Structure formats: C-alpha cells, structure tokens
Amino acid sequence: LTCPLLSVTLLVSFGSSMLYGYNLAVVNSPATHIKAFYNATWSQRYGHGLPPGPLTLLYSLTVSIFALGGLGGSLLVGTLVARYGRHGTLGRSALLILLAGGLMAFSRQLAAPEMVIIGRAITGLHSGGPWCARCPGICLSVVPLYLGEVAPKNLRGFLGLLPSIFICLGVFCAQVLGLPELLGQDRYWPLFLAVVAIPASLQLLLLHCFPESPRFLLIERNDICGATEALRRFLGTADVQEVLEEMKEEQRSLSSVQTISVWQLLRDRSVRWQSLSVAVVNVGMQLSGIDAIWFYTNTIFQNAGIPESQIPYTTVGTGAIEVVAGLIGCFTIEKLGRRPLIITGFCAMGTCLAGITGCLLLQSALPWMRYVAVACVVGIIAGFCMGPAGVPFLMTAELFTQSHRSAAYVLGGSLNWLCNFTIGFLFPFLQMSTGAFSYLVFCGVCLLVALYVYLIVPETKNKTFIEISRVFA
C-alpha cells in the first residue's frame, strides 16, 4: 500500500463518499426546525399555516428528493465517465456540492423552502453518480469504479470498502453536529445543511495532484504511456509490466467489443447472472430499511419510548457503532472475502428488524424493551456497515469487464436510488398505517437477499476481472 494510493483513496472518500452519509442523516435532527420554517413561510405567503398532512408530505419530499437526484445522477454517470474519465468526473461533481451548499445556506434568509428542496436534489445528483453502494448519482458509482481500477487485486477489497467507512463517518458527523450544543439549534440548521461544501472544496483543490485511472487510460484511451506513469505513481515501483500485461489481456479480449448501453447489458445473455446479481444486491441494499433507519432515527426512538432529551445522544452512539462496524468490515474483507460479509450483514439486519417489531409490540407491558429496541437499531446499522454498505458497489466493479462496467453501474445505481426514494417518501406513511409491523417487510427482504447471495454469487477475492467473468461463463 503506497502513499499516493492511500492518499487518493482518503481524498475521494472524504470529498465524495462521506457526503453521501452526511446527507442521509443531516435531515434527521433538524426535522422540527425545517418543518417550522416551511410552516412559517407558508403562513407569510398565504396567510395560514400548513395542516399536518401536507406538512409531512412536504418534509417527506425534502428527504426523498435526495434520492430522485441520485437517480438522475446514476443515469448520467455512464456518459460522464466516458467523456471526462473517472478522475475528471469526480472533480467536476464537486462543483455541484458547492452550488447545493450555497442554496441551502441562504434558504432561510430568502424565505425560500424551494432552495432547500433544490439543494437536496443537487446533493442527490452528486451522490448517485461519483459511491455502491452504498451503492449507492455520481459519487456512489465513480468512487468505487475509480478505486477498483487503480488498486492492485490484493488491495481491491480493502480500498473498495474504505469509502463505506467514510459513508458511516459522514452519518456520524451529521449526528454529532446535529447535537443541540453544536448546530442542532433552530438558527443554525441552514449552516448545518451547507457544511457539505467543505469536503467538496478540499477534493476540488487536491484531486488534480493524482492521475487518471490507468485501466481507463490504457483500455479506453489506448494511452500506454499515461497508463504506465499512473501505475508507477500509484504502485510506487518502476516495474509495472505484469499489471500492464493483465490490462492488455483485458483490452485484447474487448478489442472487438464496444462499450455497451444498459439496454444491451440487459439483453446480453452472457452476463445475465451478473446483471441479476447487481440488481438484487442494490435493490436489497435499499429495501433492507437502512435508509428508513437513517432518515427517521429520532422518530423511531420516540416511538420506542426513549426520553426526548436522550434521543440526540443515543443517535450519536449509533453513529459511533457504524464507524466501528465499517472498520471491522474494511480490515477483514481480504481475509474473509466478500460473500461472508454481505451474507452475515443481511442476516444480522433481518434478525434485528424482527426484533424491533417485537420490542415495539411489547414495550407497553415491558418498559425495558425500549433499550432492546435501541440495541436492535445498533445491530441493523452495524450489520449494514460491515458488508451491505460497501460490498454491492465493489461487486459491481468486480463482476464485469471494462466494456460492461459503466452500464452495470447505471443499472445498479438507478435501482438503488429508485428504491431509496421509495423508502424515504413512503416510510412515514407505512409506519403510520402498519405501526410496528412495517419493519417485517424489511426483514423479509434482508433474508431473501442473503439467501440469493449464498446460492448464486461466487467469491471474487484475489481474482482478476477476467477470472471472475469465467466463473459465470
């Protein structure tokens, strides 16, 4: 592991991946303040406040528009990486965050709720296309794509999961900054939303210090000199001939194959199991209910009977567990492999989701069940961060060769964000209508995805992209 390789991984993880986690959780603690702002603005404009139903709908739109932006970004990512490369797309995407941060920062001063909603949509556009994926429109695709192509195969899993650590770290930062002693007060919530501009600015300033993906330069641009220099920079050695030969072998195997579209990917029977696997793990990642947990953590704890004054600190505690669980996954993936982490993660999530249902049903008779409910939330988040948070995006890079990879990311990212929007928008209404039983839906999804991965998806640890393709052949 060389200094340039570690540095670029930390930079893009901090400047892109962490923002995804931050934006998932940032709307949780200021929910009351944002709703009050919407209500006050509506009253100023129309002479009356919003009824509870429309106010909940407007806030749900603010939460879930992030996912619609991500869906748009995931549809654009194939075009962007083909035109600007992985490195160029990451640099340009940072400009979107600066725009979104400005809109949200000045929304209250201009009495414009629309600026919050548009800012959230733009942050979603950034998140869906440069990490899964955390899956997982620019961040959720290009970061793992870039890191998967610059990393040697013995470090691909470790570096591929580092962005997932930063997603968890982003969630944790949002939870800490959302405390009443920091930015959790009513007057600070626009600044709280706009903090995302700081990591994006750092990435914009420093990313030019690192080269483009050598695999992209050689296979798609046929730039042997550029690819050689990039490999020497990342690997820290002048002897890169073996890696170049492996890349040239992939280039020769693709010499008669053009980069394909999503429609062509879906019709290509030679990769049907890879495509189905990407679809299953990306849909399962979102329908596991993790976004409902992140978006509405405070509401879940309120329903579990946790005292109002303790909720912000309980939430921060869950964020710390996320980071620890992500680190465990990151440092064990090359030893244990991809399959054990994702199967164990989904099984743990399914078990804890069933546990939340039981806790909520029994808490009136057994008051101590509220603490078991908190433990179940921690278990869900820990299970997710150990495997399902990062492995689906890593799998998308590993299951396909260069000609199919961009289309696979568009497919996985689109499904990921469509399900993200569905959960973010519908969960409050699902919870109101079904109560504690709403979590059993997510439980079933988790267990089914774990079963699919166990039966269908092979281990990809320490295999080249060509060897992985042959496993499915």
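Key figures
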item	result
Among (1) over 28 Å from the mean Cα position of the chain (by Cα); (2) open to solvent by 20 Å² or more (accessible area, probe 1.4 Å); (3) at negative phi - the single one Leu244 does not satisfy	(2)
Sole residue being within 21 Å of Thr401 (Cα to Cα), aliphatic (A, V, I, L, M) and modelled with pLDDT of 85 or more, chosen from Ala230, Ala238, Ala200	Ala230
Condition check for Cys359: within 18 Å of Thr297 (Cα to Cα), in a helix (DSSP H, G or I), at pLDDT 80 or above and touching a Lys or Arg at 6+ places or on another chain (Cβ under 9 Å)	yes
Among (1) of a type outside the set (Phe, Trp, Tyr); (2) open to solvent by less than 20 Å² (accessible area, probe 1.4 Å); (3) assigned to a helix (DSSP H, G or I) - the single one Thr460 does not satisfy	(3)
Matching residues in segment 324-368 - criterion: being crowded, with 20+ Cβ neighbours inside 10 Å and closer than 25 Å to Leu6 by Cα	Ala325, Gly326, Gly329, Cys330, Ile333, Arg338, Leu341, Ile342
Cβ-Cβ under 9 Å pairs, at least 6 apart or on other chains, segment 349-377 side of a type in the set (Lys, Arg), far side part of a helix (DSSP H, G or I)	Arg370/Phe301; Arg370/Cys359
Count of segment 396-408 residues which are open to solvent by 10 Å² or more (accessible area, probe 1.4 Å), touching a Ser or Thr at 6+ places or on another chain (Cβ under 7 Å) and part of a helix (DSSP H, G or I)	1
Options Ala67, Ala105: the member that is within 16 Å of the chain's Cα centre (by Cα), among the aliphatic types (A, V, I, L, M) and open to solvent by less than 40 Å² (accessible area, probe 1.4 Å)	Ala67
Ala200 under 30 Å from Ala100 (Cα atoms), open to solvent by less than 50 Å² (accessible area, probe 1.4 Å) and outside the structural domain of Val12 (by the TED database)	no
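The values are calculated or read from the model by the stated rules, or taken from the named source; none is laboratory data. Quick caveat: nothing in here was measured; it's all calculated off a predicted structure. Glycine also receives a Cβ, built like all others from the backbone with ideal geometry; neighbour counts cover every protein chain displayed. Accessible surface areas use protein heavy atoms only, side chains included; no ligands, DNA or RNA. Shrake-Rupley method; radii C 1.70, N 1.55, O 1.52, S 1.80 Å.
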